[in-house]
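Okay, so here's the structure we're looking at.
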Ligand code: KIV
Ligand code: ZN
């Protein structure tokens, strides 16, 4: 089996389903170009049947991106949706139709009001229809992680027979635990061996905070496409944060043996663009792209990082496109951080001066959350230069 994991970005579709995050077509195009530069393999540009605006955005992106990722549109199994999706993606260099239908009994009973046989028939006709239009067809089993495993396998078999080239297994409501999700993917591979001729994909939501862990469990079990959104945005608690998936695969490459085609140095600026366009801020302690992800304050940590960054950094800030890490000055800082600031700002103080500045700094730090450059300049003027 290949060790290449395809990255399927759905920031423009599932990400846009975050409450309050809708984007206009110009914003979507700008983001799609950036995602292409990031080097994702597939961009899900929208759900063409959902609105005329979404149709237009998908069509615009499909016609614009050249020499880059697959451009994909989402579709229900209804013939009119599939036709609309095809009209939106057909101008893409590499178009994909993504058809989905729920497979869990909860969804069948309450939402779809369909029998299992009707679901199987609908998958066959929907995927078959899409395949008649497009070479590249993905089928997703919505709510797969809460579906009866044997019925799910039956659905996968039918989707493959109808021509699906990618089979996506979503944890739609973020219910699965990593070991369960691993078992689910393994079960499908063991019971539907013909799935090997398609790409097996995972799509995990974050309702219990396991979206990235479940995605990694999925690829460990043999999935070779991971779906998610930049900054982990998406419906409800969001989707798997792609930057976390990508950096997990990169940072633990030796152990996992998997690679992606992503240009990691574009991660930080892509995250910033998603924040700007979606209007959804990133929490400071967010992995990889949060403001504190490469910031150090405590004395022991700063001392270690200044001697050798590997002591407290498992990846370099440069790797994800940041100029450097940051040393934050506050009440937890030690002398090493202060000395580092002094030398970085052109001060040469003797030992005694350093010591009295450090004491004044600590007194101030007890009253203030973060010490800024201006605070230190003022302390030096007061305590050392006595101006
Ligand atoms: O979460 C989900 O199940 C989805 C499907 C449409 C793939 O977003
Ligand atoms: Zn989803």
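Cα centroids of the stretch 1-43 and the stretch 360-387: how far apart, whole angstrom?
Here the two parts' Cα centres lie 45 Å apart.
Measure of size requested: the Rg and Dmax of the chain, with Cα atoms as the atom set and Å as the unit; please supply both.
25.0, 86
For the stretch 183-267, what does the alpha-carbon gyration tensor say about shape, rounded, prolate or oblate, given a ≥ b ≥ c as the root eigenvalues, a/c under 1.5 as rounded, and a/b over b/c as prolate?
Oblate, because a/c is 1.5 or more while a/b does not exceed b/c.
Using 7 Å Cα-to-Cβ label points, what is the residue 187/residue 311 separation (nm, one decimal)?
Result for the modelled spin labels: 4.8 nm.
If you take the beta carbon distance between residue 87 and residue 381 as r and set R0 to 45 Å, what does 1/(1 + (r/R0)^6) give as a FRET efficiency, to the nearest 0.05?
With a Förster radius of 45 Å, E is 0.10.
To test your reading of the geometry: what angle, between 0 and 90 degrees and rounded to tens, separates the Cα axis of helix 52-64 from the longest principal axis of the chain?
Result, in degrees: 80.
Specify the residue with the greatest mean-square fluctuation among 335, 96, 363, computed from a Gaussian network of the chain linking alpha-carbon atoms under 10 Å apart.
Greatest mean-square fluctuation among the candidates belongs to 363.
Where in the stretch 276-304 does the label zone of residue 326 land, with the point 7 angstrom along Cα→C-beta and an amide N cut-off under 18 Å?
276, 281-299, 301-303
Quick one: check the C-alpha center-to-center distance for the stretch 260-317 versus the stretch 99-117, whole angstrom.
Each part reduced to its Cα centre gives a spacing of 41 Å.
Treating the angle as unsigned and between 0 and 90°, give the value, to the nearest 10°, between the Cα long axis of helix 267-278 and the longest Cα principal axis of the chain.
With rounding to tens, the tilt is 70 degrees.
Grab the beta carbon distance between residue 150 and residue 4, set R0 = 30 Å, and tell me the FRET efficiency rounded to 0.05. Working shown, then result.
Values: r = 30 Å, r/R0 = 1.01.
Working from the Cβ atoms, E equals 0.50.
So in the chain, what percent of DSSP beta bridges are antiparallel if you round to the nearest 5?
Within the chain, antiparallel bridges account for around 5 percent of the total.
Residue 272 label point, 7 Å along Cα→Cβ, cut-off 19 Å on backbone N: hits in the stretch 9-47?
Only 27-28, 30-39 pass the distance filter.
Helix 116-133: angle to the longest alpha-carbon principal axis of the chain, degrees 0 to 90, nearest 10?
80 degrees
Work out the P(r) tail for the stretch 278-375: percent of alpha carbon pairs separated by more than 17 Å, whole number.
56 percent
If you stretched the chain out fully between residue 208 and residue 265, how much longer would it get, using 0.36 nm times the residue separation minus the C-alpha to C-alpha distance?
17.6 nm
Taking the stretch 1-52 on its own, what percent of its Cα-Cα pair distances exceed 17 Å?
Value for the stretch 1-52 (Cα pairs over 17 Å): 39 percent.
Given springs between every Cα pair under 10 Å in a Gaussian network model of the chain, which of 17, 118, 87 has the largest fluctuation?
Its mean-square fluctuation being the largest, the pick is 118.
Readers should treat all values here as calculations from the given coordinates under stated rules, not as data from a laboratory. Note that the structure is predicted; figures quoted are calculated from it, not measured. Note that each Cβ is placed from the backbone with ideal geometry, even for glycine, and that neighbours are counted across all protein chains shown.
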